[in-house]
Amino acid sequence: MKLASLKGDRDGVLIVVSRDLTRAVVAAPAATSLQAALETWPTASVRLRALYDRLNAGTARGAFAFSPAACAAPLPRAFQWVDGSAYVNHVELVRKARGVALPPSFWTDPLMYQGASDGFLGPTDPIEVADTGWGVDFESEIAVVTDDVPMGTPAARAGDHIKLLMLVNDVSLRGLIPAELAKGFGFLHGKPATAFSPVAITPDELGDAWDGGRVHLPLLTALNGEPFGKPEAGEDMTFDFPTLIAHAAKTRHLGAGTVIGSGTVSNKQDTAHGSAIAEGGVGYSCIAEIRMIETIAAGTPKTPFMAHGDRVRIEMRDRDGASLFGAIDQQVVPYTAPR
């Protein structure tokens, strides 16, 4: 099943989208918003599934052409957004370039931060940045959406709470992050609004590419129309999604509609940390990684962060080449604060 939210009020208008992402139909009365559907998932999902089946069969009334540009994020806002760093290769690489050793605990205890969730970006919304000197970067990720997760749920049962998956652009302002982390209290300015794919999908849409905890397909990123990364999302994922959910729920209940990100998808490939697509590798899911490779190799990075006018596209295709989530396609634009 594929679900999206048309731009409207703050929670959007829930629509059901055809498997081939060409047609859609308003989900009401099955559910008016994705948040409402998740809060009543046992009953709402049955009604939404029936509508999805009719849409794919061409018998749904009121169907219309699907447009990602008309969409907000599938959850335009959420009660909770937490992002892990499941690909420890990414963390190890960044720390190595800084000359900092990776603590052994990073391989057994997931990193996770709590991000702003009061307003997410839609798949084609611009990335508004007042000062590109802040080091604008994308981070291509996967996220899951849960129903209600009781505190203390173990990883062995946490997978039962995964209801949907999405793609993520966890925008980062690299120039602001070091000073924030040095304070010892986490991200704030360095993590502006996060963007999500046009549609959220139920795990069954992935077929055998979903093993209950990992997605075994390449995550595709293009920068200004040029291939930048195609790492295999199922490889080098140290902590699977059930483990991340259990970590988040260790001391708190997670409400329906909690979004949990994988962190930047990153492969080691045939080298210590990977290589660019142009060099025969699978590339990277953020600019920071290639800059770290350049720093390790030559002592200084040469690839710039994003400037105004630059565009990033993030997508995942099934083994037949069909887009699963639609694409995140965003351009960096200037922002002027109100006076």
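Backbone amide hydrogens, once placed in the peptide plane, bring L111 within less than 5 Å of S85, excluding anything fewer than 5 places away on its chain. Residues in the chain average 43 Å² of solvent-accessible surface per residue, probe 1.4 Å, ligands and nucleic acids excluded. Sequentially through region 71-76, phi angles give Karplus couplings (6.51, -1.76, 1.60; θ = phi - 60°) of 9, 7, 4, x, 10, x Hz, Gly and Pro residues having no value and appearing as x. Charging the Cβ of each Asp and Glu at -1 and of each Lys and Arg at +1, and nothing else, the dipole of the chain about its Cα centre rounds to 560 debye. Take L6: with every protein chain present and a 1.4 Å probe, its accessible area is about 40 Å².
Summing charges over neighbours of D53, with a neighbour being any other residue whose Cβ is under 15 Å away from its Cβ, gives +4 when K and R count +1 and D and E count -1.
Using θ = phi - 60° in the Karplus curve 6.51 cos²θ - 1.76 cosθ + 1.60, the 3J(HN,Hα) couplings for region 166-178 round to 9, 9, 9, 10, 8, 4, 10, 9, 4, x, 9, 5, x Hz; x is entered for Gly and Pro. Surface composition of region 166-320: carbon and sulfur atoms hold 54% of the protein heavy-atom accessible area at a 1.4 Å probe. Straight-line cross-link reach from K302 at under 19 Å between alpha-carbon atoms covers these lysines, not counting any fewer than eight positions away in the same chain: K96.
Between H308, H247, H90, the residue with the greatest mean-square fluctuation in the GNM of the chain (Cα pairs under 10 Å linked by springs) is H308.
For E128, nonlocal amide neighbours, meaning residues 5 or more places apart or on other chains whose placed amide H falls under 5 Å from its own, are V333. Here D160 sits with roughly 110 square angstrom of accessible surface, probe radius 1.4 Å. For the pair R19 and H253, a Förster radius of 30 Å applied to the C-beta separation gives a FRET efficiency near 0.35, rounded to the nearest 0.05.
Rounded to the nearest whole Hz, the Karplus-based 3J(HN,Hα) values (6.51 cos²θ - 1.76 cosθ + 1.60, θ = phi - 60°) of region 237-250 follow the sequence 8, 4, 10, 6, 5, x, 5, 5, 4, 4, 5, 5, 8, 4, with x at glycine and proline.
The values are calculated or read from the model by the stated rules, or taken from the named source; none is laboratory data. Here the structure is a predicted model, which is why all the values come from computation and not from measurement. Reconstructed Cβ throughout: ideal geometry from the backbone, glycine too, with neighbour counts over all protein chains shown. Quick note on the areas: whole protein, heavy atoms, side chains included, nothing else; ligands and nucleic acids left out. Shrake-Rupley method; radii C 1.70, N 1.55, O 1.52, S 1.80 Å.
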